[in-house]
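The values are calculated or read from the model by the stated rules, or taken from the named source; none is laboratory data. Here the structure is a predicted model, which means the values were calculated and not measured. In this analysis, Cβ positions are derived from the backbone assuming ideal geometry, glycine residues included, and neighbour counts consider all displayed protein chains. Just so you know, the surface numbers come from the protein's heavy atoms only, side chains and all, with ligands and any DNA or RNA stripped out. Shrake-Rupley method; radii C 1.70, N 1.55, O 1.52, S 1.80 Å.
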Amino acid sequence: MSFDPRTFRNALGQFTTGVCVITASPKGYEPFGMTVNSFASVSLDPALVLWSLRNDSECYAAFEAADGFAVNVLTQEQAALSNQYSKKDAHQLSKDHYRIGKSGLPVLRGALTSFECDIWQRYDGGDHLILVGKVTEMDLSPTGKPLVFQGGAYRELR
């Protein structure tokens with residue numbers, strides 16, 4: 001590799017992404033969430049999405065125990081939620097931030113879109129674990145603007 005990891009990370013940061021909080025509540029764990037920007041669609045038939053989790057994440061064991069997760073696409077008004085659930089060791093969901101979705105997973109209130117997923121597959125992705133989920137339930141808000149991130153900061157679509 002002819003470049004250092006920090007330069008590579010900075011280069012990747014130039015790609016504008018949406019901001020999501022992934023939520024779950026596997027047996028033995030309180031409902032929790034973590035902020036990610038690694039969400040992507042995979043397939044329409046079957047309906048598959050993916051996201052990735054650092055191998056050294058404090059949430060790794062909980063997602064390893066999970067059978068499912070919910071992807072909550074945040075709105076511009078939810079930057080505080082993004083900040084809250086991105087902090088180390090601060091992942092337990094506040095009761096007023098979520099409801100229980102149709103699949104039994106915690107789903108954030110007010111999200112632009114939420115996808116409730118069964119874990120379809122887990123893949124090794126170097127220093128990350130790639131989790132692919134089969135969407136079983138979905139909520140789509142008819143209004144709102146997405147929270148986006150680029151170059152180390154939140155941005156606004158115009």
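If I ask for residues that are in contact with a helix residue (DSSP H, G or I) (Cβ under 9 Å, 6 or more places away or on another chain) and either surrounded by fewer than 17 Cβ atoms within 10 Å (Cβ to Cβ) or farther than 21 Å from R122 by Cβ (or both), which ones from the stretch 69-84 would you list? Let's see the steps before the verdict.
Let us first name the residues in the stretch 69-84 that are in contact with a helix residue (DSSP H, G or I) (Cβ under 9 Å, 6 or more places away or on another chain), namely 69, 72, 74, 81, 84.
Hits for the stretch 69-84 are L74, L81, Q84.
Taking the stretch 44-56 only, how many residues are in contact with a Phe, Trp or Tyr (Cβ under 8 Å, 6 or more places away or on another chain) and either more than 19 Å from D118 (Cβ to Cβ) or surrounded by 20 or more Cβ atoms within 10 Å (Cβ to Cβ) (or both)?
Number of matching residues: 5.
Within the set of pairs 6 or more residues apart or between chains, which connect a residue that is touching a residue at least 40 places away in the same chain (Cβ under 8 Å) inside the stretch 90-102 to a residue that is of a type in the set (G, A, S) and surrounded by 12 or more Cβ atoms within 10 Å (Cβ to Cβ) with Cβ atoms less than 7 Å apart?
H91/G33; L93/G33
I need every pair where a residue in the stretch 1-27 that is farther than 18 Å from F39 by Cα and open to solvent by less than 90 Å² (accessible area, probe 1.4 Å) has its Cβ under 6 Å from the Cβ of a residue that is among the polar types (S, T, N, Q) and assigned to a loop (DSSP other than H, G, I, E, B), sequence separation at least 6 or different chains.
Listed pairs, sorted by first residue: none to list.
What are the residues in the stretch 132-157 that are polar (S, T, N, Q) and assigned to a strand (DSSP E or B), if any?
Residues satisfying the conditions are T136, Q150.
Could you pull out the residue among A66, A90, A62 that is open to solvent by less than 50 Å² (accessible area, probe 1.4 Å), within 10 Å of G33 (Cα to Cα) and either out of contact with any Asp or Glu (no Cβ under 9 Å at 6 or more places or on another chain) or not charged (D, E, K, R) (or both)?
A90
Among the residues of the stretch 36-43, is there at least one that is modelled with pLDDT under 95 and either buried (at least 17 other Cβ atoms within 10 Å of the Cβ) or touching an Asp or Glu at 6+ places or on another chain (Cβ under 8 Å) (or both)? Walk me through it before giving the result.
Step one: filter the stretch 36-43 for residues modelled with pLDDT under 95, giving 37-38.
So of that shortlist, the ones also either buried (at least 17 other Cβ atoms within 10 Å of the Cβ) or touching an Asp or Glu at 6+ places or on another chain (Cβ under 8 Å) (or both) come out as 37.
Within the stretch 36-43 (the criterion being modelled with pLDDT under 95 and either buried (at least 17 other Cβ atoms within 10 Å of the Cβ) or touching an Asp or Glu at 6+ places or on another chain (Cβ under 8 Å) (or both)), the answer is yes, since at least one residue qualifies.
Within the stretch 114-136, count every residue that is open to solvent by less than 60 Å² (accessible area, probe 1.4 Å) and of a type in the set (D, E).
Going through the stretch 114-136 one residue at a time, the tally reaches 1.
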